[in-house]
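To keep things clear, I will list the structure first and then write my remarks on it.
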Amino acid sequence: MENIKFDLQTTSVREINKFLHHEIAEGTVPRIIIEHPDGAHNIAAGLNVNCEVEIRGHVGYYAAGMNQHASVLIAGNAGTGVAENMMNGRVHVRGFASNSAGASAHGGLLIVDGDAGLRCGISLKGGDIVVGGSVGSFSAFMAQAGRMVICGNAGDALGDSLYEAVVYVKGHIKSLGADARIEDMTADDHQALESLLNQAGVSYSMHRPSDFKRIASARNLYHWNADANQEY
Amino acid sequence: MNESHNSDKRISKEESWGYDRSTLDYIQRAAAHGLYEIRGLGAKRKVPHFDDLVFLGASMSRYPLEGYREKCATKTILGTRFASRPVELEIPITVAGMSFGALSANVKEALGRAATEVGTSTTTGDGGMTSEERNSSKVLVYQCLPSRYGFNPDDLRRADAIEVVIGQGAKPGGGGMLLGQKVNPRVAQMRTLPAGVDQRSASRHPDWTGPDDLIIKIHELREITDWEKPIYVKVGATRTFHDVKLAIHAGADVIVVDGMQGGTAATQTCFIEHVGIPTLAALRQAVDALEDMNMKGTVQLIISGGIRTGADVAKALAMGADAVSIGQGVLMALGCNSESWIDSGGQHISAAQDYLKIGTEAGYCHHCHTGQCPVGIATQDELLEQRLRPKIGAKRLKNYLNTLNMELTTIARACGKNNVHHLEREDLVALTIEAAAMANIPLAGTEWIPGNGMK
């Protein structure tokens with residue numbers, strides 16, 4: 001398949017997104033290269049077809065937001081909310097990601113090779129996130145479903161008010177949030193981790209699942225006040 | 001009779017104002033359970049409201065229209081600022097956002113059917129978009145909430161408008177709440193939660209934190225939907241003047257302001273009654289903000305929170321709203337707080353026993369949070385939800401909306417307007433000093449506006 005090239009110095013985000021939403025023929029998997037993103041916001045947001053997008057540089061907010069089918073490679077750093085609310089597909093950030101990376105993602109895989117900022121994986125709803133570096137405070141806040149792999153360290157209040165999502169951390173955890181606890185790794189966890197690290201790429205093969213801790217919900221917040229005699 | 005009246009007045013039985021029976025009950029309950037009260041609906045206390053305003057009908061100095069013959073337009077267009085497909089409504093009365101979860105799927109279908117028949121919109125809620133509602137509602141507003149439950153790009157594209165919810169009048173600063181008894185398997189699946197858990201959703205959006213971020217978030221939603229759909233921003237009424245200005249700055253097409261009388265399906269009573277400002281005061285501040293930024297007519301304003309009658313709608317429009325939104329009144333039209341529910345044969349069946357079971361009676365019920373709605377509206381119970389049949393509910397709601405619209409046009413014609421949007425502040429006077437000050441409208445029979453000239 002031929003490459004389709006766009007240059008954000010001469011083409012607007014609107015024109016590129018319009019092309020990505022409407023001009024890709026069914027049954028083809030074209031490779032789209034976007035040059036000179038220079039921190040522009042909302043690049044490749046709302047991709048609803050199977051295609052490969054390579055962004056050569058740093059992107060602003062919500063890059064690849066709500067992705068449904070595409071595979072997006074960001075060869076640079078990403079601003080707030082990269083791959084937010086992703087449904088499916090794959091988004092790979094070669095550099096660092098800012099706050100709320102992968103927020104409320106329902107599916108798909110987000111890979112951040114560098115560090116991710118605050119609230120990484122907040123409200124996660126079934127998506128998977130693999131971070132090669134460390135994550136900031138309040139990561140996996142209220143995460144409902146899905147898995148998060150942190151190969152570095154985690155900041156304060158990791159997994160606060162977790163539901164059914166599971167977090168794996170290799171490094172140091174500064175503090176756990178309310179209702180989050182460290183649990184024993186099971187054989188299933190080893191398998192899941194191995195598979196996620198594999199999917200994240202060859203550079204992740206250096207990590208061994210046995211070096212990770214499992215963080216999940218103690219489920220004490222599932223009911224408003226279980227001890228009280230609730231009379232509604 | 002006189003005697004018993006006098007005996008009530010004996011000082012040995014004098015009721016305290018500060019510690020009346022309701023306050024005593026509150027303290028005793030708190031002492032017994034160690035928990036705050038959670039309930040549904042909106043503020044119950046009396047606050048300055050549209051009832052405190054009256055219209056100056058046409059007379060010598062103004063010319064009325066014939067009430068029954070002459071046309072009075074009610075068409076309402078929302079989202080003219082940036083959207084390529086603005087929302088066109090036949091009437092300026094819309095159905096407020098209420099979630100599937102809080103309400104049954106039958107109710108959502110009834111709302112959609114009625115709204116479609118009268119030419120207005122319905123709005124999703126914290127539970128995402130159901131097929132029942134999308135299929136029945138011609139104009140459907142899709143909410144983007146802090147929780148993002150079930151939020152997805154396909155539903156975004158099949159919506160007619162998008163509403164970014166910052167807050168709601170019943171609980172500005174609070175997130176959603178759905179107690180476990182209403183989280184049945186379908187609700188749980190739509191919200192990605194285990195069935196039966198108490199769902200307390202986030203009060204802050206996960207991927208933006210202030211008005212400058214919101215500019216980019218709105219931009220993203222426009223990019224994903226190719227700039228077709230109007231984007232509303234909904235705020236609970238607190239610092240409304242500044243909030244509306246910031247929402248305009250963030251790029252909203254339409255601002256929705258929800259006053260403290262606005263309803264909820266479950267929130268702490270202390271929150272409902274003590275956080276937020278009355279709809280009347282919020283509306284004035286919102287209109288001031290639009291005028292201050294020279295955006296009146298470019299950005300449309302929807303007001304909600306305790307709108308019940310056609311007169312309320314007329315007063316809201318005269319004060320500067322483009323449309324109103326109704327939640328509680330809509331549910332009451334379906335039968336909320338009614339003595340009975342209606343079976344498939346059209347028979348009224350008493351619900352008295354079921355009200356008793358949850359410790360209340362028709363007329364006082366605010367037990368939406370229990371999921372045991374005696375009339376089958378605020379429930380996910382398989383048996384109870386059968387008490388509200390979409391067809392019957394839709395007919396009642398259509399009647400209610402048509403009544404409001406007839407009342408609205410009656411008042412507009414009496415004020416000499418052939419378009420309800422021509423109603424103006426000058427058509428109104430206030431009956432109380434409080435309402436005059438909040439609404440910036442003169443006290444009836446005077447030219448006095450308390451605090452005029454001061455913001």
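Selection over the stretch B:146-165 of residues that are in contact (Cβ under 8 Å) with a residue 60 or more places away in the chain and closer than 20 Å to residue B:122 by Cβ gives a count of 9. The set of residues in the stretch B:29-60 that are of a type in the set (Val, Ile, Thr) and either surrounded by fewer than 17 Cβ atoms within 10 Å (Cβ to Cβ) or in a helix (DSSP H, G or I) (or both) contains only B:54.
Name the residue that is farthest from the chain's Cα centre (by Cα), counting only residues in the stretch B:90-125 that are of a type in the set (A, V, I, L, M) and assigned to a loop (DSSP other than H, G, I, E, B). If we take residues in the stretch B:90-125 being of a type in the set (A, V, I, L, M) and assigned to a loop (DSSP other than H, G, I, E, B), then B:91 is farthest from the chain's Cα centre (by Cα). For residue B:383, the conditions (1) crowded, with 21+ Cβ neighbours inside 10 Å; (2) in contact with a Gly (Cβ under 9 Å, 6 or more places away or on another chain) are fulfilled apart from (1).
Could you tell me whether any residue of the stretch A:203-220 is touching a residue at least 40 places away in the same chain (Cβ under 8 Å), within 11 Å of another protein chain (Cβ to nearest Cβ), surrounded by fewer than 19 Cβ atoms within 10 Å (Cβ to Cβ) and more than 26 Å from residue A:83 (Cα to Cα)? Looking through the stretch A:203-220, at least one residue is touching a residue at least 40 places away in the same chain (Cβ under 8 Å), within 11 Å of another protein chain (Cβ to nearest Cβ), surrounded by fewer than 19 Cβ atoms within 10 Å (Cβ to Cβ) and more than 26 Å from residue A:83 (Cα to Cα). Annotation note: Cβ proximity below 8 Å between a residue of the stretch A:178-197 that is under 25 Å from residue A:222 (Cβ atoms) and a residue that is among the acidic types (Asp, Glu) and surrounded by 13 or more Cβ atoms within 10 Å (Cβ to Cβ) (sequence gap 6+ or interchain) occurs for A:178/A:160; A:179/A:160; A:180/A:160. From the list A:72, A:112, A:93, exactly one residue is closer than 15 Å to residue B:223 by Cβ, of a type in the set (A, V, I, L, M, F, W, C) and more than 12 Å from chain B (Cβ to nearest Cβ). Which is it? After ruling out the rest, the residue left standing is A:72.
Check whether at least one residue in the stretch B:141-156 is within 14 Å of chain A (Cβ to nearest Cβ), among the aliphatic types (A, V, I, L, M) and within 30 Å of residue A:219 (Cα to Cα), and report yes or no. The answer is yes, given that some residue of the stretch B:141-156 is within 14 Å of chain A (Cβ to nearest Cβ), among the aliphatic types (A, V, I, L, M) and within 30 Å of residue A:219 (Cα to Cα). Can you tell me how many residues in the stretch A:10-61 are more than 11 Å from chain B (Cβ to nearest Cβ), touching an Asp or Glu at 6+ places or on another chain (Cβ under 8 Å) and not basic (Lys, Arg)? Of the residues in that region, 10 qualify.
Every residue, every condition in (1) exposed (fewer than 13 other Cβ atoms within 10 Å of the Cβ); (2) in contact (Cβ under 8 Å) with a residue 12 or more places away in the chain; (3) farther than 30 Å from residue B:296 by Cβ, yes or no:
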{"residue": "B:23", "(1), (2), (3)": "yes, no, yes"}
{"residue": "B:27", "(1), (2), (3)": "yes, no, yes"}
{"residue": "B:90", "(1), (2), (3)": "no, yes, no"}
{"residue": "B:113", "(1), (2), (3)": "no, yes, yes"}
{"residue": "B:125", "(1), (2), (3)": "no, yes, no"}
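Evaluating residue B:322 against the criteria (1) surrounded by fewer than 24 Cβ atoms within 10 Å (Cβ to Cβ); (2) out of contact with any strand residue (DSSP E or B) (no Cβ under 6 Å at 6 or more places or on another chain) leaves one unmet condition, (2).
Of the listed requirements (1) within 14 Å of another protein chain (Cβ to nearest Cβ); (2) farther than 13 Å from residue B:144 by Cα, residue B:240 misses just one: (1). Residue B:311 meets each of the listed conditions (1) in contact with an Asp or Glu (Cβ under 8 Å, 6 or more places away or on another chain); (2) surrounded by fewer than 22 Cβ atoms within 10 Å (Cβ to Cβ); (3) not in a helix (DSSP H, G or I) apart from (3). Counting only strands (runs of 3 or more DSSP E) that fall entirely inside the stretch B:340-455 and contain at least 3 residues that are more than 30 Å from residue B:241 (Cβ to Cβ), the qualifying elements are B:340-342, B:348-350.
Quick check on residue A:109: is it touching a Lys or Arg at 6+ places or on another chain (Cβ under 7 Å) and at negative phi? Here the answer is yes, as residue A:109 does meet what is asked. Identify the residue in the stretch B:13-38 that is closer than 17 Å to residue B:271 by Cβ and touching a helix residue (DSSP H, G or I) at 6+ places or on another chain (Cβ under 8 Å) and, among all such residues, is nearest to the other protein chains (Cβ to nearest Cβ). For the stretch B:13-38, the residue satisfying everything is B:38.
Across the stretch A:30-42, a minimum of one residue is classified as part of a loop (DSSP other than H, G, I, E, B) and crowded, with 24+ Cβ neighbours inside 10 Å.
Select from the stretch B:222-237 the residues that are more than 9 Å from every other protein chain (Cβ to nearest Cβ) and among the aliphatic types (A, V, I, L, M) and write down the one among them that is nearest to residue A:47 (Cα to Cα).
If we take residues in the stretch B:222-237 being more than 9 Å from every other protein chain (Cβ to nearest Cβ) and among the aliphatic types (A, V, I, L, M), then B:231 is nearest to residue A:47 (Cα to Cα).
Checking each residue in the stretch A:199-217 for being on the phi < 0 side of the Ramachandran plot and within 16 Å of the chain's Cα centre (by Cα) picks out A:199, A:200, A:204.
For the stretch A:81-96, taking the residues that are more than 14 Å from residue A:128 (Cα to Cα) and touching a residue at least 24 places away in the same chain (Cβ under 8 Å), the one that is surrounded by the most Cβ atoms within 10 Å (Cβ to Cβ) is identified as A:96. A search for C-beta distances below 6 Å between a residue of the stretch B:189-215 that is facing chain A (nearest Cβ under 7 Å) and any residue that is surrounded by fewer than 21 Cβ atoms within 10 Å (Cβ to Cβ) and not charged (D, E, K, R), counting only pairs 6+ apart in sequence or on different chains, returns B:192/A:145; B:197/A:222; B:197/B:180; B:198/A:223; B:198/A:224; B:198/B:180; B:202/B:175. For the stretch B:41-74, the tally of residues that are of a type in the set (Asp, Glu) and at pLDDT 95 or above stands at 2.
Among the residues making up the stretch B:430-453, those that are polar (S, T, N, Q), surrounded by fewer than 18 Cβ atoms within 10 Å (Cβ to Cβ) and at pLDDT 95 or above are B:432, B:446.
The values are calculated or read from the model by the stated rules, or taken from the named source; none is laboratory data. For clarity, every value in this text was computed on a predicted model and none was experimentally measured. Ideal geometry is used to build each Cβ from the backbone, glycine not excepted, and the neighbour counts take in all protein chains shown.
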